[in-house]
Every structure is written in structure tokens, then in C-alpha cells.
Amino acid sequence: MLPERLSPAQVRNNLTNAIKASGQTLASLSKSLNKNPSYLHQFVHRQTPRCLQEQDRAALAQLLNIDQYALGGSATYLNQAAFNLQSILVQAYAGDDGDKKTVQLPSAILPPEVGEFRDPETLCLIPVQADNMFPTLSVGDHALVDTTQAEIAAEGVYAIKVGSQVFIKRVLINPSTELVTLKSDNPSCDSWDDIDQDELDVLGRIIWAGCRL
């Protein structure tokens, strides 16, 4: 059963993910609300105000094309049956042995483009188990992988399989040689240079992440 309202931390996480997916900024959305440009920055990073005002929540939900519930609205905004029908089925790694199970992610907390995926085999949810991508991803986060992007056509953050383990790395492409660098966002962790793409077993590209609360 859904909680009546999401916690403030969950709301801030949902708002941050939705803004990233939309390509907008905290400042531009604050202006759209006729607020000071720092309004949403203070809400996300300083927890001030603790909760969004009802009119601001409704406007943001419309601007970001997400449900008000994801931004702290009451569960009465949702029809429970419809909410379940709008959930996205994904494959989730269940442990270190590589076994997977099918789970549901409510579409209200996901960026709109995720709704284009109808086959659960095309999406995979993996836990972040190392700090090599900090601060982008932290241990305890979960990353959603688009497995249809198993070939590296563009730079981005990818999940790469090595045996039964999955590593998350930022992939950079050398335009001259087409060799790739597997970069760690954490400067204290190793990066791997000049790798032939054919040597990599790419699970897919990271398209969304949910942070640990």
C-alpha cells in the first residue's frame, strides 16, 4: 500500500530526477513559478521550505509531466488501480550471483520517456555497490539500465558486465581511434583507458537513478 504522502527526502529526490530528465534547471523552474530563482535550490539543498506549497506542487507537476504524488501530494491524487497499471515492469538483479527478478516501479516517480518501454526485458534495475561513481551515484542507490543501448553509440554512463559482476562507469570515446575510456567520477578510483569496444560486455546505458534516503 502506498503511504499517504512521500517523505520530504523522497520528494526532493523525485524533483531532482524529474528536472534532470526534462533538461530544465532549478532556477528556470523557480522563475516559472514566479519565485526567486533560488527558491527550488533552497528547497532541494537546504530543505527550505520543508514542503512545497500546493499551488507550486501542482504547477511543477504539470511543467515536469509527473504526478503530484511524486512531489508530496496526497495519495488521494492517485487512483490506486490506475497507479498500478501505470507501473513499469523491469528486471532487477536480486544478488551477486546475477539472478534477476521482475519488479514494478511506479511511473509517477520516473521520467516520462521511461513509459516508452513496454517489455520488462529492455530495462534492468541494478544496485550501486561501489563508490567509484560518487558523487553522481552512491552506494545504496539503484540505477535503471536501458539494455537496448548495449552498443556504445554515444558517451554516457553505462553498466558493464565482467563475469557475474556489473560495473558502472562513465564512457568517453576517443574520436580519432574510437577507443573508449571507462572513467570513474570519483577521482580516487581507477579509470581504464584505450579499450576496444568489442572487448566490452555492455549491459546497457544508465537512464535514471534513484538515491538512497
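The values are calculated or read from the model by the stated rules, or taken from the named source; none is laboratory data. Quick caveat: nothing in here was measured; it's all calculated off a predicted structure. Here the Cβ is made from the backbone with ideal geometry for all residues, glycine too, and neighbour counts use every protein chain on show.
Observations on the model:
- Output for the stretch 176-208, where each listed residue is surrounded by 15 or more Cβ atoms within 10 Å (Cβ to Cβ), of a type in the set (Gly, Ala, Ser) and farther than 10 Å from Asn132 by Cβ: Gly204
- Residue pairs meeting the criteria (Cβ under 6 Å; at least 6 apart or on separate chains; first at positive phi and surrounded by fewer than 17 Cβ atoms within 10 Å (Cβ to Cβ), in the stretch 126-144; second part of a loop (DSSP other than H, G, I, E, B) and of a type outside the set (Gly, Ala, Ser)): Gly140/Arg212
- The strands (runs of 3 or more DSSP E) found entirely in the stretch 56-161 that carry 3 or more residues being closer than 17 Å to Ile207 by Cα and at pLDDT 80 or above are 123-127, 142-146.
- Enumeration of residues in the stretch 18-38 that are under 23 Å from the mean Cα position of the chain (by Cα) and either assigned to a helix (DSSP H, G or I) or modelled with pLDDT under 90 (or both): Ala18, Ile19, Lys20, Ala21, Ser22, Gly23, Gln24, Leu26, Ala27, Ser28, Leu29, Ser30
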